[in-house]
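The numbers here are math on the coordinates, done by the rules we state, and not lab data. Quantities reported herein were computed from a predicted structural model and do not represent experimental measurements. So basically every Cβ, Gly included, is an ideal-geometry build from the backbone, and we count neighbours across all protein chains shown.
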Amino acid sequence: MAGVAAPVYRIDGVLLHVAKPIPGAPEVLKFLNDYNIPFILLTNGGGKHETERVKDLEKRLGVHLSTDNFVQSHTPFQELLEGPNSLRDKTVLVTGSDYEKCRAIFRDSSLSSHLKIDAMFVLNDPRDWALDLQVMTDLLLSHAGYLGTYSPRNASADLPNCGWQRDGQPPLYFSNADLFWSANYPLPRLGQGAFQASLAGLWRRITGGHELERTSIGKPYGETYRFAERVLAGHRHEVLRVLGQGRHEPGVGQLRRVYMVGDNPESDIAGANGHASEHGTEWVSVLVKTGVWSEKRGGKLEGEFEPKAVVDDVTAAVKWALKKEGWTQGEGGAKLR
């Protein structure tokens, strides 16, 4: 298998509906594994360690999976532990749906008696919005990230940005911006993007109209797609190495095309359409009807939200991609039902 094309899959709404496999999803993953077609799972979900989440997915889908080709919304945060501004030895406030799991994921060191916070991470949609909004607002207003302090620079008209977030306050990171996600309820549920919008709106009220300075990753942001492409390329290289295919064989060297299969036009589709690969890899967006987007609820698919194809489910998406690659039957006559 030359492996010039590879799929990327969203999990919720494409492979799973809440905790149950979407019909055909396990068979699709097994097909890809059996025929050594490299793929990664790219999700804006999070709140668990990658190894824990992969084990859970293996159990639910009945297919062998690996952390080597799995990227959660907060997985790219790992890169913040390296480089000149590394947060490895810093104190980080981490929030999400399960505080103990968030703490375990980051394994933060014991806090000092002064409780200085060096950064704030939102891993997934928090459960106690009132508490998190209060603590994070306190830190955004603090002097140098010390809880219980108030910066004398706040609202100083002679300072840039009127002094807001100009006194060493901890930087704020969000792992995804999804306003909605697909759950058991027949209508989409509010996600981390809604919490981010709430904090930003609150900050505008507090500061008299100033925008909240923060960093957002996850889909549709470019850094997440660049990270995912690196992970996919590394996984694909390992698959080809195991198969005994070298770099110099025709069609093996460069990852030429990636199929992004997702259910959310504002994250999956917009991200794939807008991604500018550093290596010239083409990203092809495919929208499925099993998750956030629905023809019944409307939602125009145009501009950055317009996919290259709209299909019923993940099985149809793989069939469409294989046909585009000239592999309608699969190698050896294999078929997807």
So which aspartates and glutamates can LYS296 reach, going by Cα to Cα under 19 Å and dropping same-chain residues fewer than 8 places off?
-> ASP263, GLU266, GLU306, ASP312, ASP313
Taking a label point 7 Å from the Cα of LYS20 along the Cα→Cβ vector, which residues of region 265-299 have an amide N closer than 18 Å to it?
-> 289-292
Listed residues ARG153, ARG53, ARG236; largest mean-square fluctuation, Gaussian network over the chain with Cα springs below 10 Å, found at ARG153
Place the peptides 62-75, 216-229 in order of packing, highest mean first, counting for every residue the other Cβ atoms within 10 Å and averaging per peptide.
-> 216-229, 62-75
Once the in-chain neighbours fewer than 8 apart are removed, the aspartates and glutamates whose Cα is under 17 Å from LYS90 read GLU79, GLU82, ASP108, ASP118
Which lysines have a Cα less than 18 Å from the Cα of LYS55, not counting those fewer than 8 places away in the same chain?
-> LYS20, LYS30, LYS101
Ordering 256-262, 289-295 by per-residue average of other C-beta atoms within 10 angstrom, highest first, gives 256-262, 289-295
What do you get for Rg/Rh of the chain when both radii come from the Cα atoms and Rh is the Kirkwood radius?
-> 1.01
